[in-house]
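For reference, the structure is listed below as structure tokens.
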Amino acid sequence: MNEAARVTKVMTRASQVAVVLLSGAMLAGAVYIGARPIGRVPALGPFLDPAHGVWAVARTAELPRTASLRMAGLTDSVAVRYDDRGVPHIFAHNETDLMRALGFVVARDRLFQMELQTRAVAGTLSELVGAATLEADREARAQGLAWGALRKWRAIPDTAESHRLVTAYSDGVNAYLAQMTRDDVPLEYRLLGATPQAWKPEYTYFLLARMSLTLSWNDEELRRAGLEALVGARAADALFPVNAPIQEPIQPVPGRRAPRFAGGVLPPPAPHDSARLVVAEAFERAAESPTIAALRGTGEVAVGSNNWAVAPQRAAAGRALLSGDPHLQLTLPSIWYEVHLQVPGVIDTYGVTIPGGPIIPIGFNRSMAWTATNTGADVLDYYAETVDDRRHPTQYLLDGAWKPLERRIEEYRGRSGRVLRTDTIYHTHRGPMLRAGGQWLSRRWTALEISDEGEALHLADKARSVDEFMTVMGRYVGPAQNFLTADTLGHIAIRSTGFYPIRPATVRGDHITDGTKSANDWQGYWPVERYPQAKDPAQGYLASNNQQPKDPVVDPSYMGSNWPSPFRAMRINALLRADSAVTPDAMRRYQTDPVSAQTELFLPAMLDAVARAAAAGVADTFAIRGAALLREWDGRFTADNERAVLYDAAMAELTQRTWDELRGATNVRRGPTPGATILAELMRDPTSPWWDVRSTPARETRDSVLVVSLGTAYRTVAQRYGPPGPRWKWSGIRTATINHMLRLPGLGRTKIPMTSGRGTLSPSDGDGAHGASWRFVVELAPDVRAWGTYPGGQSGNPVSERYDDRLTSWRAGTLDTLRFPRRAADLPAPRFSLTLRPER
């Protein structure tokens, strides 16, 4: 495409963006952050200014073909070469210059995203968009994430390498801001009538805090109180157990080649305790968070990730293979930014970074590759505190003596700088407090402990082997992750890495703890050798999919509760057990495999129940029709399938009917829904009282509920999509939704067909806003080869060709070749070139 044609295409897209915004956000007036509406956009005049309005965004949509700039602080020149996919390959002579260049490059593509996520943690969104985000800001400051991040940053010595590199990154961001012209200002600032803020080094640690909120926040204790009031403590323990009833652990059990079914009979629900419900409702209100719901989703598998590695003896080419597939909230621009960093003899690493962070948490170098899934360990505890004054406390009771509370005064300012509100946040020695009705609770959370995860992650980027990676990551605190590695020496290894609290024997991490006794405090952290881990197992492969890391028969130590269902782990382990000559392309295919191990636990029972009811003359016509259709189904959640929709609806109906006991007198669901493994456990007890639907006079059994669920599902699907036929195709029903950060109409991408279903390796929550955020495969050959993609593009500019150019491959389940040149000169025909030089 010649330059004139490119300019014409960009200007056309800018016009389309302007029309979409004018017809959508401008007229509707709604702008969102996460799930929260933040009000109306400003006046149209500046936005439509022909010189500096939206069309200026078009003029700067693509980077200049070649550019040369001088940057303060650089000690030597830095070459940045962008490949055909828009990935910057940064070649520097030292790490400090490398990080300055990285900060500059990322800010050039993702400036607004960096500021938005920083303000979300800091609780300063109101300063950017106004009072509509005040409640989100209050929630953020009450969580203490920015407070904890600042403590971490201030505890790092100025002489530490992490301090030097993070500061250099910050300098690079500010260098970009200093040379930015009026035309370079991102679209979102123009819509909000705002200007970019300066970047501070501590904002990198705000970003790490944001990841902890997404990956290690846990309010099970608060929600559990309501469940106990509804069904009793014994039933609550069984519905949300410490140990999963189906065990397919991350740490392999020698000699085991199939999942271990460990469940038993669920105890019956106890009568409602109305008095306890009043207290429980206050706890549940305290746990409500639109921000966390947007980040994590509300389904069982909303933030479900996968990784696996294959040892050379089970790979077709005799080389170790690694697959990474983290699932997170899907947004435009993407959470990830792809980059290659090189300083000769020091670092030569490729992967994805999170804008604002000078590290590559998932990637590969010349010697090894690494990726991660979330461990989901319980690293947050609540303590019931006794205070001297419930409304305005100044002291809390500890070991029979009154201790002074620390106070943190938080002022919230609007766009004009006017103070909107002032809050007082109280702290015990454990951490921030929150008020739930008449009860004060304090929170201890590893995310708020003083630590330096940045140092560990940066050293890991430069590791030369599996052993070196695991050694440097031993100091990593959190959020706890299942780090999977493979190297060119032929080794594979995994470890669930992070700090795990040692609790007193009398304390349960999934219950609110008595805060009046210091004996109930954490007593330290697990030693690294106790972490779930494995290296070069005899089975020749390793996998993690957010399941319980260790089988309790191997180690009964408490790590958490209410673990995600292990169906994804069961499926990938079955695939890897069956293939002794795995190829990189097989690794890619597995990432979007359409089969679910969950289906075989429910579908046969459902069909058998209908058959028995039909033989007895008690099955309704719709259930019989539904069963006939599902017998035609191959169990695959493929795009052109016309039966998966019926199974999915039947499972939703079955879940709703089975757990009716978890609704209070107002018939509103309280707390989380038990996982699918608990429902599978219940399937083995056909006359359990849990099957009885309280709203009917009959006494239901498993089979009657299965039959009614399928019949109701058939009617629901037929009413929504018409009779069985093309409108039942899965591609039109299970779709991905990738919203713009502010949910601006037209700037997100919706109704993207997905090969996804309940328990598949590519799960999706109900609204499709969470899913595979980055997929990649690495072959650890002498010359490392890799393939990858993510749902979006490198640029945050909606007018840019690089805004969503990866979506086609992501949707198709294909991966792009990742270019990994040894020198700048080895990259053929760079798409863009930038040379940064020291100031004279």
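The values are calculated or read from the model by the stated rules, or taken from the named source; none is laboratory data. Here the structure is a predicted model, which is why all the values come from computation and not from measurement. Using ideal geometry, Cβ is built from the backbone for each residue, glycine included, and neighbour counts are taken over all protein chains shown. For the accessible areas, the whole protein counts, side chains as well, though only heavy atoms, and no ligand, DNA or RNA atoms are used. Shrake-Rupley method; radii C 1.70, N 1.55, O 1.52, S 1.80 Å.
Observations, loosely collected:
- Residue check, residue 837 in a loop (DSSP other than H, G, I, E, B), closer than 22 Å to residue 91 by Cβ and either at pLDDT 95 or above or among the acidic types (Asp, Glu) (or both): no
- Residue 698 of a type in the set (A, V, I, L, M) and assigned to a helix (DSSP H, G or I): no
- Qualifying residue in segment 545-556 (condition: of a type in the set (A, V, I, L, M, F, W, C) and either at pLDDT below 95 or surrounded by 16 or more Cβ atoms within 10 Å (Cβ to Cβ) (or both)): no
- Any pair with Cβ under 9 angstrom, 6 or more apart, that starts in segment 577-588 at a residue that is farther than 18 Å from residue 814 by Cβ and ends at one that is part of a helix (DSSP H, G or I) and open to solvent by 50 Å² or more (accessible area, probe 1.4 Å): 580/313
Quick grid of which residues meet (1) farther than 30 Å from residue 243 by Cβ; (2) open to solvent by 20 Å² or more (accessible area, probe 1.4 Å):
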site	(1), (2)
685	no, yes
689	no, yes
704	yes, yes
761	no, no
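- Subset tally (residues that are open to solvent by less than 30 Å² (accessible area, probe 1.4 Å) and within 26 Å of the chain's Cα centre (by Cα)) for segment 816-840: 1
- Candidates 270, 178, 275, filtered to the one that is out of contact with any strand residue (DSSP E or B) (no Cβ under 6 Å at 6 or more places or on another chain), open to solvent by 20 Å² or more (accessible area, probe 1.4 Å) and at pLDDT 95 or above: 178
- Exactly one residue out of 576, 601, 646, 630 is open to solvent by less than 10 Å² (accessible area, probe 1.4 Å) and out of contact with any Leu (no Cβ under 8 Å at 6 or more places or on another chain), and it is 576.
- Residues in segment 443-466 that are assigned to a loop (DSSP other than H, G, I, E, B), open to solvent by 20 Å² or more (accessible area, probe 1.4 Å) and either of a type outside the set (A, V, I, L, M) or touching a strand residue (DSSP E or B) at 6+ places or on another chain (Cβ under 6 Å) (or both): 449, 452, 462, 464, 465.
- Failed item in (1) assigned to a strand (DSSP E or B); (2) under 20 Å from residue 311 (Cα atoms), with residue 440 passing the rest: (2)
- Subset of segment 485-505 [open to solvent by 50 Å² or more (accessible area, probe 1.4 Å) and either closer than 15 Å to residue 242 by Cβ or of a type in the set (Asp, Glu) (or both)]: 505
- Of 737, 755, all but one fail to be in contact with a Gly (Cβ under 6 Å, 6 or more places away or on another chain) and open to solvent by 10 Å² or more (accessible area, probe 1.4 Å); the exception is 737.
- Subset tally (residues that are assigned to a loop (DSSP other than H, G, I, E, B) and over 13 Å from residue 757 (Cα atoms)) for segment 610-639: 8
- Filtered residues of segment 510-523 (kept if closer than 18 Å to residue 560 by Cβ and in contact with a helix residue (DSSP H, G or I) (Cβ under 8 Å, 6 or more places away or on another chain)): 510, 511, 512, 513
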